[in-house]
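Asker: Would you mind keeping the following structure in view while I ask a few things?
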Amino acid sequence: MKALERNLQSVVKSLKALTQKTEKIAKILDRLEKAKPVKKPRAKVRVKAKPAKKRVTRKVAVKRTLATVSDTVMSIIKGSRKGVDSATLERKTGFNNQKIRNNIFKLTKQGKIKRVGRGVYIAK
């Protein structure tokens, strides 16, 4: 009889251990299910086309003429009898040094101006 009771007690202990393990597994499964929510398909929403934005142009305060940079440089050089240097051209036109130099190079290649001295140009 005592042997039968011992056997029953060991079976009860092992059943308790198994139920504890199954409860732990069930809790883990519940956590995993909650962590990944089921995504519902979204209803397609039609978006109305937005009207095109108007471009805003800035008004430039600088007085501009239809003449090109080369025309402006050429007119200043023509207006001088002794010749004009690049510093004077910068001051009168307001263009930077590189733009003046590029246009002087272009005008000399075209044969419209010639170099009189170092940095001094006259019209032909």
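Bear in mind these aren't lab numbers, they're just calculated from the coordinates by the rules spelled out. Predicted, not measured: the structure shown is a model, and the values here were computed from it. Here the Cβ is made from the backbone with ideal geometry for all residues, glycine too, and neighbour counts use every protein chain on show.
Asker: For region 62-116, which residues satisfy the criterion of being outside any helix (DSSP H, G or I) and of a type in the set (Ser, Thr, Tyr)?
Answerer: Passing the criteria: THR65, THR68, SER80.
Asker: Would you mind stating whether LYS109 is closer than 16 Å to ASP71 by Cα and without any contact (Cβ under 8 Å) to a residue 24 or more places away in the chain?
Answerer: Working: closer than 16 Å to ASP71 by Cα: yes; without any contact (Cβ under 8 Å) to a residue 24 or more places away in the chain: yes.
Here the answer is yes, as LYS109 does meet what is asked.
Asker: Which pairs have Cβ atoms under 7 Å, sit 6 or more apart or on different chains, and link a residue in region 74-85 that is within 14 Å of ARG101 (Cα to Cα) to one that is part of a loop (DSSP other than H, G, I, E, B) and not polar (S, T, N, Q)?
Answerer: MET74/LYS112; ASP85/GLY119
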